[in-house]
1. Inspect all residues belonging to segment 110-129 and state whether any of them is in contact (Cβ under 8 Å) with a residue 24 or more places away in the chain, buried (at least 16 other Cβ atoms within 10 Å of the Cβ) and farther than 30 Å from Leu295 by Cβ.
2. Filter segment 180-226 down to the residues that are of a type in the set (D, E, K, R) and not in a helix (DSSP H, G or I), then identify the one that is nearest to Arg123 (Cα to Cα).
3. If you scan segment 184-196, which residues turn out to be farther than 16 Å from Ala216 by Cβ and either among the hydrophobic types (A, V, I, L, M, F, W, C) or open to solvent by 70 Å² or more (accessible area, probe 1.4 Å) (or both)?
4. Grab the helices (runs of 4 or more DSSP H) fully contained in segment 54-150, keeping just those with 1 or more residues being assigned by the TED database to the domain that holds Asp187.
5. Restricting the search to segment 267-293, which residues are under 22 Å from Gly95 (Cβ atoms) and not in a helix (DSSP H, G or I)?
6. Given the structure, is Thr55 open to solvent by less than 90 Å² (accessible area, probe 1.4 Å), out of contact with any helix residue (DSSP H, G or I) (no Cβ under 8 Å at 6 or more places or on another chain) and either at pLDDT below 80 or among the acidic types (Asp, Glu) (or both)?
7. Consider Asp231 carefully, then state whether it is within 33 Å of the chain's Cα centre (by Cα), at pLDDT below 75 and over 24 Å from Leu97 (Cα atoms).
8. Provide a single number: the residues in segment 184-201 that are free of Cβ contacts under 8 Å to residues at least 40 places away in the same chain and over 20 Å from Ile64 (Cβ atoms).
Amino acid sequence: MAPLQGIFLLTALFFLLFVCFRIGIRAWLDRAALARRLHANRNKAIHRATVIPRTRFIRLHSHISDLLAAIGWSMRTDAFVTLSFCLGVTGATLGMLFFQSFRSSALLAAVLALFPYALLWMRLVSRQTAARLEFLPAVELFYQCYLVSGCRHVRTAVQRTVEERRLTSEVQTIFEQLYRNLSVQEDDEASLRRFVLSFGHEWADYFGNVLKVSLAEGNNVAHNLQELIADMRKAQLTDHQERHRLLEIRLANFSPILFLVLFLVINFRMNPESSYRYYVLDPAGRAMILNAVVLLFGSFLMGLYLSRRKM
């Protein structure tokens, strides 16, 4: 058994080195192609063939960057992608060593590779849920500060809203992040997009569009803010009901894990020797546990998706 594990380990290490070498070659080729495009015009068909995959990669990179910025993680996007890739390779290696099947290796690699992204979404949904009911008082405070500032400067109104220190901790952090981004970054649209993503509902999207118009054109948006506050007050009861639905979805996410742990504890308690022989020593038992973990992870991702849709 030991020589077989050594062969699988060497194969996995060779695969890891091969993938890293291929990524390095691809990055060098992309950089060389970019340098050539700066000095000469290329054929339109070739240009579309190279731009479309790169555009998709840029969108994915921007999406992960927005998620990291929305929850306040200081990790860089490249480091996050590298971590996910390394976890995926680790999962593939562990799958070959312990389960000795390509299917199990692929499943474990997919679960570990998606695990950081799932944690990212879980933290974002947690922040959105905590800040959901406090969004209306925050908009009301911003509206007051906007009127005091003369209805001309949105950045000044955001600054006064932050300096008032009358918001809850989660919402205060989000507005402070918005103020820093508007003060430091030149891309106001990206700053507002991450601000909206931190709240994750249609009212925040409307509020972000109002701020975007005011920043771009300098218009007086006091009337728009007044209408937004009135509509949010009318929908406050529905908002409480949606919050309870989100809590039910989050509780349902963790209930299968509790049932799996309870099932294993009962089996090991009733017959420890047979349970150890089947769930640990037998490859079929280990594969069954892996399949259960994959299904639980899939249900967890579905719960996060439903929580996002309910926002």
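1. Scanning segment 110-129 turns up no residue that is in contact (Cβ under 8 Å) with a residue 24 or more places away in the chain, buried (at least 16 other Cβ atoms within 10 Å of the Cβ) and farther than 30 Å from Leu295 by Cβ.
2. Step by step, filter segment 180-226, then rank; the result is Asp187.
3. Filtering segment 184-196 down to residues farther than 16 Å from Ala216 by Cβ leaves 184, 194.
Answer for segment 184-196, where residues must be farther than 16 Å from Ala216 by Cβ and either among the hydrophobic types (A, V, I, L, M, F, W, C) or open to solvent by 70 Å² or more (accessible area, probe 1.4 Å) (or both): just Val184.
4. Working: elements: 77-98, 102-132, 135-148.
Qualifying helices (runs of 4 or more DSSP H): 102-132, 135-148.
5. The one that is under 22 Å from Gly95 (Cβ atoms) and not in a helix (DSSP H, G or I): Asp282.
6. Yes, satisfied.
7. Details: within 33 Å of the chain's Cα centre (by Cα): yes; at pLDDT below 75: no; over 24 Å from Leu97 (Cα atoms): yes.
Criteria not met by Asp231.
8. So the answer is 3.
The values are calculated or read from the model by the stated rules, or taken from the named source; none is laboratory data. It should be emphasised that the depicted structure is a prediction, and the values quoted were computed from it without experimental measurement. Cβ atoms come from the backbone with ideal geometry, glycine included; neighbour counts cover every protein chain shown. Accessible surface areas use protein heavy atoms only, side chains included; no ligands, DNA or RNA. Shrake-Rupley method; radii C 1.70, N 1.55, O 1.52, S 1.80 Å.
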